1. If I filter the range 416-425 for residues that are surrounded by fewer than 18 Cβ atoms within 10 Å (Cβ to Cβ), at pLDDT 95 or above and under 35 Å from the mean Cα position of the chain (by Cα), do I get at least one hit?
2. Can you tell me which residue among 282, 248 is over 30 Å from residue 483 (Cα atoms) and at pLDDT below 95?
3. Just give me the residues in the range 265-303 being surrounded by fewer than 11 Cβ atoms within 10 Å (Cβ to Cβ) and part of a helix (DSSP H, G or I), in sequence order.
4. Determine whether residue 495 is crowded, with 18+ Cβ neighbours inside 10 Å and at pLDDT below 90.
5. Can you name every residue in the range 325-361 that is at pLDDT below 60 and in contact with a strand residue (DSSP E or B) (Cβ under 7 Å, 6 or more places away or on another chain)?
6. If residue 378 meets every condition in (1) surrounded by fewer than 18 Cβ atoms within 10 Å (Cβ to Cβ); (2) touching a strand residue (DSSP E or B) at 6+ places or on another chain (Cβ under 8 Å); (3) closer than 18 Å to residue 447 by Cβ apart from one, which number is that one?
7. Only one of 513, 526, 500, 476 is more than 31 Å from the chain's Cα centre (by Cα), on the phi > 0 side of the Ramachandran plot and at pLDDT below 85. Can you tell me which?
8. Starting from the range 276-296, take each residue that is more than 21 Å from residue 254 (Cα to Cα) and list its partners that are modelled with pLDDT of 90 or more and not in a loop (DSSP other than H, G, I, E, B), counting only C-beta distances under 6 angstrom and pairs at least six apart or across chains.
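The values are calculated or read from the model by the stated rules, or taken from the named source; none is laboratory data. This structure is a prediction, so every number in the text was calculated from the model and none was measured. Note: ideal-geometry Cβ built from the backbone for every residue, glycine included; neighbour counts use all protein chains shown.
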């Protein structure tokens, strides 16, 4: 019988398959995250603007985590921003308690295995000198040639003058970013330290993907051992009310899912068995390890530049506070997790009673107070069956579950704006609640009521939308307010013509000194190129 696939043919096919597989493996590229800050040098309390791009892959999660690390690899600040395709733009408000030192920007996309090109920055805290225990030697300088050129219409300008730029050699550039930043002696110290620095951090693939919302993970233990199968209720403090429930696994791990939230908030954890002795810890990313980088050394000759930067920061905050980083969002859902309540009472529509128990007795007919010896509870009327539940309903104060009913009844009712009532069983996860009573204060701050000893609070950052640094002055602006910006121009989408050229204009600030025009280009192969040109602002 004729066999169309002889032994030799099968052998050739197998060899061809392995060759093709190996070639594909060699040519496959890991996902790479590149990010950078708008400046090289910062003062504590300043906003750090960060741009970045994800290469060789599509994002797995909708968000990018941008974190600021110290030289030991520990996270000092973090922000989470929605991706815009493969790009992202965010800002980090630098904590005021950072010590003067070099810090490092790192980023990762949840669920994606990637490498990140770490970006160093210098942060100066006028009240905290650099550590004396650092002993890392400088990096070896490197020189990179480029075909890109930057031309300005002048070399020296008056304050607030208009500047015209021409960029050439952009034919092979797929993404271009331009910024114009004032530099000084601190900038030179930074450049000497960072020249030749090249570090990539590895972020491994995991299953915690935040496409549906904010994923918050924590661990719970008791007497030093993981607490297993413990139901824990988590809430987002504030408005609207948001709850999530999780049962701890054999390692004491908890996972909660919340809707994306665009302002900073707190997550409150509470054991549903109301037992004492549980310890909660949030699960944070592990340190990336020690980062070898030259020590920061400040001497007397840098004092004038530090004082100038402090003055520029204070002027900016006084005259242009939050102008550049207001994020408008029209997609926030203001509905509480239980939807439309069965009853909602605005207390200003009624006679205001001085006692909370009187408010419930005289106004809220669907809720009654039951007292048995030392036990006080609020029972909710079960509308479908026309009788009160035997157990206490879920009591909320400004979205936070509240388990001290006695203290609630002793609180000032004049702080309460409204009360929502859900007159039916409410199922959350695998747990049932016998109705809901939600007290909302005017200030949305729980008034005089405080969390119990069983509760554990964790601060979280709000999610940022992609936002761009917009300088306070545009070409032609005639405002007479002082303008001491260190960043006078920023453009994140450079469009070149058929010759590979681009032109743009911007206005300088009042701050005299040297300025660097920085062009960061990423070519079609994913390689980065940075070129710069200096101009001078003098009176």
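1. Yes; the residues of the range 416-425 include at least one that is surrounded by fewer than 18 Cβ atoms within 10 Å (Cβ to Cβ), at pLDDT 95 or above and under 35 Å from the mean Cα position of the chain (by Cα).
2. When all the criteria are applied, what remains is 282.
3. 300, 301
4. Spelling it out, it is not the case that residue 495 is crowded, with 18+ Cβ neighbours inside 10 Å and at pLDDT below 90.
5. 325, 327
6. Answer for residue 378: the failing condition is (1).
7. 476
8. Qualifying pairs under 6 Å: 288/201; 291/104; 293/102; 294/193; 296/101; 296/102.
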